[in-house]
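Since the structure comes first, as structure tokens, the remarks are kept for the end.
The values are calculated or read from the model by the stated rules, or taken from the named source; none is laboratory data. For clarity, every value in this text was computed on a predicted model and none was experimentally measured. Cβ coordinates were reconstructed from backbone atoms using ideal geometry, including for glycine residues, and neighbour counts include every protein chain displayed. To get the accessible areas, we keep the full protein, side chains included, count just its heavy atoms, and leave off ligands, DNA and RNA. Shrake-Rupley method; radii C 1.70, N 1.55, O 1.52, S 1.80 Å.
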Amino acid sequence: MSLKHVMELYEVMDSMYVNGEVMKEYLHNINPAADVVVKTIKGENGSTDFVRVLVKGKNGKSSGGHAPTLGIIGRLGGIGARPEMTGFVSDGDGALACMAGAAKAIDMALKGDQLEGDVIFSTHICPTAPTLPHEPVPFMNSPVDISVMNENEVEETMDAILSIDTTKGNQVCNHKGFAITPTVKEGYILKISDDLLQIYTQSAGIAPVVLPLTMQDITPYGNGLFHINSILQPAVATSSPVVGVAITTESIVAGCATGATHVTDVENVVRFVLEVAKTYGAHKCSFFDEKQFTHMKNLYGSMKHLQTKGNEVPAHE
């Protein structure tokens, strides 16, 4: 059960003074030897601290093994929008889930439950992020560009990625809890992983809930297209398969809303991603069907151009 870490980290992160070093201290209180790296990046609208946690597996690549590496990314603009908003914002749930997952994985290893493969947890901590106009409700913005976030959160060593993001400001997934997306790889929206659906039912105890995606959602920010949010932005920066883990609500909630974090929903997400980590590193969970993907590319060609901002076509064409 990871509820303890979720609740403790919520209290730690619900502060104007929190930063990456505070996260590092929390994780080192669990295990002083935990591999935690903090990097401060400054942008036009302030700065943020990227936090990377490597939890080594028994047969992980960082130790010379061959088990696949799972990346778990906490996607968000910021955990706070001070001084405009007072307190921890809804958008911060992705970072909260990511860091709670890292804390639980570190604690598990100390208790003898070391995962088979390496798991890299990556997010950023900014309690004073700006907001951004968006319909139907405002988004949280970030002090740094999305390309900077991908550069610091997405790694070549990640063989598959779970991208956790608060996804409450929409009318297409009206479920309180969490949902998963189809797998996205190299510009293709693929069949939803049966393995991930099974893990969902096991950990959540209900039928799977799926967040629908459009072509716009998997293209890079900054191209003028509508995006449900940034949940699939890691997919534009990697050839590895990416699945979004969306923290959802029945009602429309703005990313900059405060008092909107439901710790039990966040804890459900933490258990889900850790169950995926257990099975993925042990070669018991597949994000996509490699034969089907190869066949699709042979039939229809590469879709990697959807990972770019594309080409502007003149209006008369």
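Data overview
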item	result
Percent antiparallel among DSSP beta bridges (both partners in the stretch 154-296, rounded to 5)	50 percent
Highest-MSF residue in the chain out of THR157, THR219, THR48 [GNM, Cα springs under 10 Å]	THR157
The chain: DSSP helices with Cα axial extent of at least 18 Å and average Kyte-Doolittle hydropathy no lower than 0.0	93-110, 263-281
Descending Cα extents along the principal axes, the stretch 167-304, whole Å	48, 40, 22
Net +/- balance of residues flanking ILE41 in space, Cβ distance below 15 Å, scoring K and R +1, D and E -1	-3
Qualifying lysines (Cα of each under 27 Å from Cα of LYS191; at least 8 residues distant if same chain)	LYS168, LYS176, LYS278, LYS284, LYS291, LYS297, LYS304, LYS309
Candidates per trypsin sites (Lys or Arg not before Pro) in the stretch 167-265, loop by DSSP, up to 15 other Cβ within 10 Å	LYS176, LYS191
Length-normalised contact order for the stretch 39-130 - Cα pairs under 8 Å, 6+ apart - percent	44 percent
Relative contact order (%) - criterion: Cα under 8 Å, at least six apart; region: the stretch 1-87	22 percent
Computed [θ] at 222 nm, deg cm²/dmol, the chain (DSSP H ≥ 4; -39,500 (n - 2.57); rounded to nearest 500)	-9000 deg cm²/dmol
Apportionment of accessible area to carbon and sulfur, the stretch 200-288, percent (1.4 Å)	56 percent
Under 13 Å, Cβ to Cβ, from GLU151 - net charge with Lys/Arg +1 and Asp/Glu -1	-2
Centre separation in Å (Cα based) which lies between the stretch 11-60 and the stretch 199-269	22 Å
Loop chymotrypsin sites (Phe, Trp or Tyr not before Pro), the stretch 226-285, which have at most 13 other Cβ atoms in a 10 Å radius of their Cβ (DSSP)	PHE226
Antiparallel content of DSSP bridges confined to the chain, in %, to 5	60 percent
Under 28 Å, Cα to Cα: Lys pairs in the stretch 27-106, sequence gap 8 or more or different chains	7
